[in-house]
Amino acid sequence: MINKMKTAFCVAFCTVMSVSAVQFSVDNVSLKTIVVPADAPYTVKFAAAELKDFIAKCNGAELEIAESANGTQGNIFLGADEELLKDVPPQGFRIVDKDGNLYISGHDSPDGVIVGLRNPWRYNEVYSDALKLGAFGACGTLHGVYYFLQKFGGVRFFWPGETGTVIPEKHDIVLTNVSEMQFPKFHYRHPWFCNFDQAPDEVLWYKRLGFGGDAPVQIIDYFMYITSQLKDSHPEFFALVDGERDFDAKCAIRGGGHLCFNAPGVKEAVARLIIDFFKAHPEQNSFPLTPGDGLKRC
């Protein structure tokens, strides 16, 4: 009698469990494959790995990552789609469902390291070799994935590391008529709370919260860059101190000398340097034309 009761309970329990299995679907179609083109930027491929990992944890679905669609439905397409992005502002993304598929499409910069001339934008401060992630460059698709995980998956990123990442118990993610368009209200969002080469947990948190920007907005004194380029070719451009040209720290505490602003040809020479800088670094949006600390007059 007891064995019969156990068998009946097991059959009933298993039947209930099979009926109430956790779903991950769009328009009643189970999502199974994350599609990332082979030539997609690294941040899009990283977004696919993050989506796969978090969906498994918060929903239980084991997604496949592929370079092409597996069937006509049940796919999650990641990366730039010109039609979906035509009215999306820079660094933004769009999430939509269509024909049994889900699309997370964002503005994404091509692969490459974008750094500044000095702190807090130097290589080690804004790029992680371990994660291959940097502070700068558009990564709309990655931000779209994190937005999706937070809104539809219930994932929260309260602080860096595993203890600050909250993943709810496995639950249904059933999507219908999804249509989201998001973009940062501020183009530049760069808090300097870590050196990227030393703090992988903080780097991930930085990206998951949507920090970043197209390029660094460099505002700290940079005349040392200019003076270093002109010292040998145009010593006559440098400030006079007691009748001698200053190439060190008499006119600027940090050293490097300083320019005499009204010297003939100095403005044109500086303008050429800035133009050459932009030609050599098309990924940059600004050049800091700011004097050094402790400036004294020529």
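The values are calculated or read from the model by the stated rules, or taken from the named source; none is laboratory data. Predicted model, so just to flag it, every value in this text is computed and none were measured. Counting neighbours? That spans all protein chains shown, and the Cβs are built from the backbone with ideal geometry, glycine included. For the accessible areas, the whole protein counts, side chains as well, though only heavy atoms, and no ligand, DNA or RNA atoms are used. Shrake-Rupley method; radii C 1.70, N 1.55, O 1.52, S 1.80 Å.
Can you pull out the trypsin sites (Lys or Arg not before Pro) in region 169-249 that DSSP calls coil and that have at most 16 other Cβ atoms within 10 Å? Before the final figure, lay out each step's value.
Numbers: sites: Lys170, Lys185, Arg189, Lys207, Arg208, Lys231, Arg245; in loops: Lys170, Lys185, Lys231.
Those satisfying the criteria are Lys170, Lys185, Lys231.
Can you give the FRET efficiency to the nearest 0.05 for Ala263 and Ala69, using r as the Cβ-Cβ distance and R₀ = 45 Å?
0.10
Percent of Cα-Cα pairs more than 23 Å apart in region 106-253, please. Please list the in-between numbers first.
Details: 5715 of 10878 pairs.
Distances greater than 23 Å cover 53 percent of the Cα pairs.
Please compute the contact order of the chain in relative form: average sequence separation of alpha-carbon pairs under 8 Å and at least six residues apart, divided by the residue count, as a percent. Could you put the intermediate results ahead of the total?
On the way: 551 pairs, mean separation 48.8, N = 298.
It rounds to 16 percent for the chain.
Pairs of Cα atoms under 8 Å, at least six residues apart: use those to get the relative contact order of region 208-298, whole percent.
RCO, region 208-298: 41 percent.
Hey, if you put +1 on the Cβ of every Lys and Arg and -1 on every Asp and Glu Cβ in the chain, which of Gly243, His258, Ser128 ends up farthest toward the positive end of that dipole?
After comparing all options, I get Ser128.
List the longest stretch of the chain that has no exposed loop site; here a site is one of the chymotrypsin sites (Phe, Trp or Tyr not before Pro) assigned by DSSP to anything other than H, G, I, E or B, with at most 13 other Cβ within 10 Å. If you can, show how the numbers build up before the last one.
Details: sites that count: Phe158, Phe186, Trp192, Phe193, Phe261.
Between exposed loop sites, the widest span is 1-157.
Size of region 65-180 along its principal axes in angstrom, Cα-based, largest extent first?
Principal-axis extents of region 65-180 (Cα, largest first): 49, 36, 26 Å.
For n ≥ 4 DSSP H runs only, could you compute -39500 (n - 2.57) per run for the chain, divide by its residues and tell me the 222 nm figure to the nearest 500?
Details: 8 runs with 89 residues, N = 298.
Using -39500 (n - 2.57) per qualifying helix, the result is -9000 deg cm²/dmol.
With the alpha-carbon atoms as the only input, what is the per residue convex hull volume for region 20-106 in Å³?
So the per-residue Cα hull volume is 100 Å³.
Just the Kirkwood number for the chain, please: inverse of mean 1/r across all distinct Cα pairs, in Å, one decimal.
Here the Kirkwood hydrodynamic radius works out to 22.7 Å.
How large is Rg/Rh for region 164-217, to two decimals, with Cα atoms and a Kirkwood Rh?
1.09
Please list, by residue number, every one of the trypsin sites (Lys or Arg not before Pro) in region 35-144 that is coil in DSSP and has at most 16 other beta-carbon atoms within 10 Å.
Sparse-neighbourhood loop trypsin sites (Lys or Arg not before Pro): Lys86, Arg118, Arg122, Lys132.
With a cap of 11 neighbouring Cβ atoms within 10 Å, and only residues DSSP puts in a loop, list the GluC sites (Glu not before Pro) found in region 21-71.
Glu62, Glu67
Carbon and sulfur together cover what percent of the accessible area of the chain at a 1.4 Å probe radius?
56 percent
So how far, in whole Å, is the C-alpha centre of region 82-123 from the one of region 260-293?
That distance is 30 Å.
Ranked by accessible surface with a 1.4 Å probe, highest first, in what order do Ile95, Ile114, Ile219 come?
Accessible-area ranking of Ile95, Ile114, Ile219, largest first: Ile219, Ile114, Ile95.
Past 18 Å, Cα to Cα, is the threshold; run Lys32/Lys98; Lys57/Lys170; Lys45/Lys132; Lys132/Lys207; Lys132/Lys279; Lys231/Lys279 against it and keep the listed order.
Lys132/Lys279; Lys231/Lys279
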